[in-house]
Amino acid sequence: WDAASGACLRTFGGHSNAVCSVAFSPDGKWLASGSEDTSVRLWDPESNVCVRIIDGHFGKVYSVAFSRDGKWLASGIKDKTA
């Protein structure tokens, strides 16, 4: 969304269930999304392309967050793991 006008700029499709969390990397080059489909997806927000799917979680992904330097991506899962 454009913060000033409220206009939708892009949508990112690909998860097979609800998206619970999204986060931009500190430099704005990446967008991470966590979903009830148990995956984390890493997107290039300029091209709208999913560049990586991180599977292997055993529960719904409720949160994603980048480290301050953007080198790490954390995910919080319903199975009580991170």
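Miscellaneous remarks
- Taking 0.36 nm per residue of separation and subtracting the current Cα-Cα distance, fully stretching the chain between Ala65 and Val51 would add 3.3 nm.
- For the chain, accessible area per residue (1.4 Å probe, heavy atoms of protein chains only), Å²: 67 Å²
- Label-point separation in nm, Leu9 to Asp79, each point 7 Å along Cα→Cβ: 3.5 nm
- The gain in end-to-end length when the Trp1 to Val19 segment is fully stretched comes to 4.9 nm, 0.36 nm per residue minus the alpha carbon separation.
- Accessible surface, 1.4 Å probe, highest first, among residues Trp43, Trp1: Trp1, Trp43
- Surface composition of the chain: carbon and sulfur make up 54 percent of the accessible area, probe 1.4 Å.
The values are calculated or read from the model by the stated rules, or taken from the named source; none is laboratory data. Note that the structure is a prediction, hence the values are computed from the model and not measured. Don't worry about glycine lacking a Cβ; one is built from the backbone with ideal geometry, like all the others, and counts go over all protein chains shown. Only protein heavy atoms, including side chains, enter the accessible area calculation; ligands, DNA and RNA are left aside. Shrake-Rupley method; radii C 1.70, N 1.55, O 1.52, S 1.80 Å.
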